[in-house]
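The values are calculated or read from the model by the stated rules, or taken from the named source; none is laboratory data. Worth saying up front: this structure is predicted, and the values here are computed from it rather than measured. When we count neighbours, we look across all protein chains shown, and the Cβ atoms used for this are built from the backbone with ideal geometry, even at glycine.
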Amino acid sequence: MKIIAFMLLITCFIPDGLSQTANPQYNKALADSLGADDYGMKSYIMVILKTGPNKTTDEKILNELFRGHMDNINRLARLNKLIVAGPLGENLQNYRGIFILNVKTREEAEELLKTDPTIEEKIFDVELYEWYGSAALPAYLKVHEKIEKQKY
């Protein structure tokens, strides 16, 4: 009983020690330009690409579709709509890759996905999820441009 009373007493006298504090490095202009909330976060749409029903083995068709896929990834990145893209290793769910789209709604994400020929031709199916992450995520692309030795 004494321990409970002591714990209650402590919480009455140190609420400020447990509360949130302002970040001295906070940059309002940068936060606003990235669409950040008070925690430096924002919502995105995460897309999981998985093996689709189109099982074509024609190399010419597949090369053309994947060239269009890569061109579309680069186009969406230039538009700041696609901020993460990459393949996944082999897995039991047949997941092939991910996208993180810098959009507010599933409908906007679905419209962007229609511009990918591998999705339109059902080489890939997609699953969409709302995802909450750092609003600074788009900024990494500027660094990536400086470290990639070759472009697709």
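Give region 82-111 a look and list any residue that's touching a helix residue (DSSP H, G or I) at 6+ places or on another chain (Cβ under 6 Å) and within 24 Å of residue 150 (Cβ to Cβ), or say none.
Result: 82, 83, 85.
Given 55, 60, 149, which one is exposed (fewer than 13 other Cβ atoms within 10 Å of the Cβ), in a helix (DSSP H, G or I) and among the basic types (Lys, Arg)?
60
Okay, residues lined up against (1) more than 14 Å from the chain's Cα centre (by Cα); (2) within 30 Å of residue 26 (Cβ to Cβ); (3) touching a residue at least 24 places away in the same chain (Cβ under 8 Å):
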position	(1), (2), (3)
57	yes, no, no
69	yes, no, yes
72	yes, no, yes
91	yes, no, no
94	yes, no, yes
104	no, yes, yes
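Select from region 112-152 the residues that are among the basic types (Lys, Arg) and either touching a helix residue (DSSP H, G or I) at 6+ places or on another chain (Cβ under 9 Å) or under 24 Å from residue 59 (Cβ atoms) (or both) and write down the one among them that is modelled with the lowest pLDDT.
151
So which residues in region 125-142 are assigned to a helix (DSSP H, G or I) and of a type outside the set (Lys, Arg)?
Correct list: 137, 138, 139, 140, 141.
Restricting attention to region 79-89, report how many residues are exposed (fewer than 14 other Cβ atoms within 10 Å of the Cβ) and either in contact with a strand residue (DSSP E or B) (Cβ under 7 Å, 6 or more places away or on another chain) or within 17 Å of residue 135 (Cα to Cα) (or both).
So the count comes out to 4.
Name the single residue that is modelled with the lowest pLDDT among those in region 1-42 being part of a helix (DSSP H, G or I) and among the hydroxyl-bearing types (Ser, Thr, Tyr). Steps first, answer last, please.
Taking region 1-42 first, the residues part of a helix (DSSP H, G or I) are 2-13, 15-18, 28-34.
Then keep just the ones that are among the hydroxyl-bearing types (Ser, Thr, Tyr); that gives 11, 33.
On the way: 11: 52, 33: 93.
Going through the qualifying residues, I end up with 11.
Only one of 113, 101 is within 15 Å of residue 78 (Cβ to Cβ) and surrounded by 17 or more Cβ atoms within 10 Å (Cβ to Cβ); which?
Only one candidate qualifies: 101.
Could you grab me the full set of residues in region 27-42 that are acidic (Asp, Glu) and in contact (Cβ under 8 Å) with a residue 60 or more places away in the chain? Let's see the steps before the verdict.
Of the residues in region 27-42, the ones acidic (Asp, Glu) are 32, 37-38.
37 - this is the single residue of region 27-42 that is acidic (Asp, Glu) and in contact (Cβ under 8 Å) with a residue 60 or more places away in the chain.
Which one is nearest to residue 53 (Cα to Cα), of the residues in region 93-124 that are out of contact with any strand residue (DSSP E or B) (no Cβ under 7 Å at 6 or more places or on another chain) and part of a helix (DSSP H, G or I)?
120
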